[in-house]
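Report on the structure given below.
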Amino acid sequence: MSHTPPDPAAPATPTSAASPTSPTEAGPRLLAVSDLHVGMPDNRPITESLRPSHPDDWLIVAGDVGEMTEDIEWALSLLASRFAKVIWVPGNHELWTPREDAVQLRGEERYRHLVELCRRLGVLTPEDPWPVWPGPGGPVAVAPLFLLYDYTFRVAGTATKEESLARAHEAGVVCTDEFLLHPDPYPTRDDWCRARVALTRRRLVEHDPAVPLVLVNHWPLVREPTDVLWHPEFAQWCGTVLTADWHRRFTTAAVVYGHLHIPRTTWYDGVRFEEVSIGYPREWRKRGHPRGLLRQILPYTPERESGVGTGPLGGQS
């Protein structure tokens, strides 16, 4: 199932990517990408093409690198060898426990295993101190978050999680998380979500407000981005209302997320939100990569909101 609404103007055949272009900024950049889905053969060359244009470029990877542990390790190891710093947050796909995966850990244990994998690779995670970006547009603290969802982005007209899930099932919309994303040792995914939200909120409250934040989470922090989903029932697997005011409550320079496979820039309460996903081949073949493969988060220049082209598959289309 595609999350992306159909685009009648989109080409029926794959679009060719433009040649990579040199950024107008001479200095380092804070870049972001998500939803690489390297388990899909056609997405692997995209990951292989991602390179910095400056030796001090940082890269945010906002989840859904892949499902299999060996694929996740391959991709993050490659990116860590190229970028000055890589910052990762888990998406739902990393948290799945596929039968075919050599690592059969579930829930919290699987997440902790991935955190330790990242630490071996020198990749920062939500369990590490938040690094301060010192380059153009900084200083800002890059805060990788792991929050999950709690089914509070409910289907219109429903009052409970159970009613909302039933409405989705009636519409034929069921997220694979229901079968492969286990919450152990928490009773439910929503319990795990609430625990992560409470833990993260404490860290945000303790953060020095004089240093603005780039908040990074796989799932959007506000519900509004899900309003354009082709299947609105899918929104309940996309976040929690508990984070709806975080971009206002805490000094926030930008919010980075993925999951929706709808790459775009939106603004809420004067704060920039960047959806930075690559998505599935069936999606990017139709739309190309109009926002570039890597999104420039900082320094922010409005004329570059369309994205940044990098590598042989990059560029604006």
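Here is how the numbers come out for the structure above:
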{"read-out": "Within the stretch 139-277: Cβ-based charge dipole about Cα centre, in debye rounded to nearest 20 (Lys, Arg +1; Asp, Glu -1)", "value": "400"}
{"read-out": "For the chain, size of Cβ-based charge dipole, Lys and Arg +1, Asp and Glu -1, in debye", "value": "560"}
{"read-out": "Amide H contacts under 5 Å for HIS182, placed H, 5+ residues apart", "value": "THR97, GLY107"}
{"read-out": "For the chain: relative contact order, % (alpha-carbon pairs under 8 angstrom, 6 or more apart)", "value": "27"}
{"read-out": "Share antiparallel - DSSP beta bridges, the chain, percent rounded to 5", "value": "35"}
{"read-out": "Separation of the ASP227 and ARG249 label points, Cα + 7 Å toward Cβ, nm", "value": "2.2"}
{"read-out": "Projected label distance in nm at ARG112 and HIS169, using a 7 Å step from Cα toward the beta-carbon", "value": "3.3"}
{"read-out": "Residue of ALA210, ALA254, ALA141 that the Gaussian network model of the chain assigns the largest fluctuation, springs spanning Cα pairs under 10 Å", "value": "ALA210"}
{"read-out": "Value at 222 nm in deg cm²/dmol, rounded to 500, when DSSP H runs of n ≥ 4 in the chain each add -39,500 (n - 2.57)", "value": "-7500 deg cm²/dmol"}
{"read-out": "DSSP-loop GluC sites (Glu not before Pro) across the stretch 62-101, with at most 10 other Cβ within 10 angstrom", "value": "GLU100"}
{"read-out": "Inter-label distance for ASP56 and VAL205, nm, one decimal - labels placed 7 Å from Cα along Cα-to-Cβ", "value": "3.6"}
{"read-out": "Accessible surface of the chain [probe 1.4 Å, protein heavy atoms]: carbon and sulfur percent", "value": "54"}
{"read-out": "Per residue, in Å², the accessible surface of the stretch 138-213 once ligands and nucleic acids are set aside, probe 1.4 Å", "value": "45"}
{"read-out": "Share antiparallel - DSSP beta bridges, the stretch 81-226, percent rounded to 5", "value": "40"}
{"read-out": "Accessible area (Å², 1.4 Å probe, nearest 10) - HIS113", "value": "60"}
{"read-out": "Calculated Rg and Dmax of the Cα atoms in Å (choose from (1) 19.7, 66; (2) 20.9, 75; (3) 18.3, 53), label", "value": "(3)"}
{"read-out": "Listed residues THR266, THR69, THR158, most fluctuating in the chain (Gaussian network, C-alpha, under 10 Å)", "value": "THR158"}
{"read-out": "DSSP-defined beta bridges in the stretch 151-308 - what % are antiparallel, rounded to 5", "value": "40"}
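The values are calculated or read from the model by the stated rules, or taken from the named source; none is laboratory data. Values in this document were obtained by computation on a predicted structure and should not be read as measured data. In this analysis, Cβ positions are derived from the backbone assuming ideal geometry, glycine residues included, and neighbour counts consider all displayed protein chains. With ligands, DNA and RNA removed, areas are computed over all heavy atoms of the protein, side chains included. Shrake-Rupley method; radii C 1.70, N 1.55, O 1.52, S 1.80 Å.
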